[in-house]
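Let me begin by presenting the structure, written as structure tokens, before commenting on it.
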Amino acid sequence: FPVTINDVKIIKLRRQLGLEGYGLYWCLIEMLRDTPDYKLPIDSVDDIAFSLNTSKEKVETVINNYELFTVDEQLFFSERLIRNMEKYTETKKRLSEAGKSGMAKRYNKEKPFKLVQ
């Protein structure tokens, strides 16, 4: 499930950084979502801040201070986003396979009438 405005971590973020912090959080989630592995290099914070028209310090605060992101030596990511995207990808794959199977069954049946050309 996605983080909501009433999540304790988000309330703390909003209390300290206001809606700007909340917006930065969602911008970071969108940026992570657009990467193949849902992770970004921690050394890209300057570029992220520039692209979001904010300070490096604010971006670092959102990433590091609210337990919303995991940071390792080189990357930061949202474990929740990764879990949700794995579920989404699996569901999408399952539905695609079901659709293909249904279409194959539908078109492999003997047709009750012939089309005249």
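Taken across the stretch 75-85, residues that are open to solvent by 90 Å² or more (accessible area, probe 1.4 Å), under 30 Å from Val8 (Cα atoms) and not hydroxyl-bearing (Ser, Thr, Tyr) do occur, with at least one present.
Look at the stretch 42-59: where a residue is charged (D, E, K, R) and a partner is open to solvent by 80 Å² or more (accessible area, probe 1.4 Å) and part of a helix (DSSP H, G or I), sitting 6+ places away or on another chain with Cβ atoms under 6 Å, you get Lys56/Asp46.
Under the condition of being in contact (Cβ under 8 Å) with a residue 12 or more places away in the chain, among the hydrophobic types (A, V, I, L, M, F, W, C) and surrounded by fewer than 16 Cβ atoms within 10 Å (Cβ to Cβ), the residues counted in the stretch 2-30 number 1. Is it the case, given these coordinates, that Ala104 is surrounded by fewer than 12 Cβ atoms within 10 Å (Cβ to Cβ), of a type in the set (A, V, I, L, M) and either free of Cβ contacts under 8 Å to residues at least 24 places away in the same chain or in a loop (DSSP other than H, G, I, E, B) (or both)? Criteria met by Ala104.
Across the stretch 31-46, the qualifying residues are those that are under 14 Å from Glu86 (Cα atoms) and hydroxyl-bearing (Ser, Thr, Tyr), and the one among them that is farthest from the chain's Cα centre (by Cα) is Thr35. Condition test on Glu67, is it under 15 Å from Val3 (Cα atoms), in contact with a helix residue (DSSP H, G or I) (Cβ under 9 Å, 6 or more places away or on another chain) and not β-branched (Val, Ile, Thr)? So Glu67 passes the test. Given the criteria in a helix (DSSP H, G or I), among the charged types (D, E, K, R) and within 20 Å of Val3 (Cα to Cα), does Arg83 qualify? Yes, satisfied. Residue count for the stretch 48-64, restricted to those that are open to solvent by 80 Å² or more (accessible area, probe 1.4 Å) and of a type in the set (S, T, N, Q): 2.
The values are calculated or read from the model by the stated rules, or taken from the named source; none is laboratory data. These figures come from a predicted structure and were not determined experimentally. Ideal geometry is used to build each Cβ from the backbone, glycine not excepted, and the neighbour counts take in all protein chains shown. When the accessible area is computed, the model is the full protein with side chains, heavy atoms only, and any ligands, DNA or RNA have been set aside. Shrake-Rupley method; radii C 1.70, N 1.55, O 1.52, S 1.80 Å.
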